[in-house]
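The next block holds one structure in the form of structure tokens; read it before the comments.
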Amino acid sequence: MSRARGDATGAPRRDRASSVVVVALVILFGLLFAYDLVEAVTNLISVPNEARYANNDFYAENGLDGLVASPPWFALVANVALPPAAFVAALVVARRRALPVVVLVLFAALGAVAALSLTITAYVQSI
């Protein structure tokens, strides 16, 4: 009986220490995903205010309809939705997994977000 009790008190300590490490990693990766989110929101705010879109009224008034352009709203909004969606998906996939698997899944999700955000940013700048 005392042996089972010792096992029961010893196991939660290891689980608690492991869960503290996992929570710390999730917070660290959450901050990295938040950085990507801030970049996406910055693009969402600044791209429509660029000169190529700000002059649309002037172009339309002077008959230069070929120069009128609208911001790529779908790409900009998708870029904002990408980091939180990938972070939540990574947490769902890594739930109740071993620590190395959690780290690997979060790194993979962060890499995917970085690659897709860079691709979307390049696309938006090329239009």
State whether the residues of segment 42-50 include one that is over 29 Å from residue 103 (Cβ atoms), among the polar types (S, T, N, Q), in a loop (DSSP other than H, G, I, E, B) and open to solvent by 60 Å² or more (accessible area, probe 1.4 Å). no
Scan of segment 101-117 for residues that are within 11 Å of residue 22 (Cβ to Cβ) and more than 12 Å from the chain's Cα centre (by Cα), ordered by number: 101, 102, 103
Any residue in segment 82-94 that is in contact with a helix residue (DSSP H, G or I) (Cβ under 9 Å, 6 or more places away or on another chain), surrounded by 14 or more Cβ atoms within 10 Å (Cβ to Cβ) and over 25 Å from residue 19 (Cβ atoms)? yes
Looking at the structure I just gave you, is residue 64 more than 28 Å from residue 117 (Cβ to Cβ), surrounded by 10 or more Cβ atoms within 10 Å (Cβ to Cβ) and modelled with pLDDT of 80 or more? yes
Mind checking whether some residue in segment 96-110 is over 30 Å from residue 15 (Cα atoms), out of contact with any Ser or Thr (no Cβ under 7 Å at 6 or more places or on another chain), at pLDDT 95 or above and not in a loop (DSSP other than H, G, I, E, B)? no
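The values are calculated or read from the model by the stated rules, or taken from the named source; none is laboratory data. Just so we're clear, the structure is a prediction, and the values are computed from it rather than from any experiment. So basically every Cβ, Gly included, is an ideal-geometry build from the backbone, and we count neighbours across all protein chains shown. These accessible areas exclude ligands, DNA and RNA; they are computed on the full protein's heavy atoms, side chains included. Shrake-Rupley method; radii C 1.70, N 1.55, O 1.52, S 1.80 Å.
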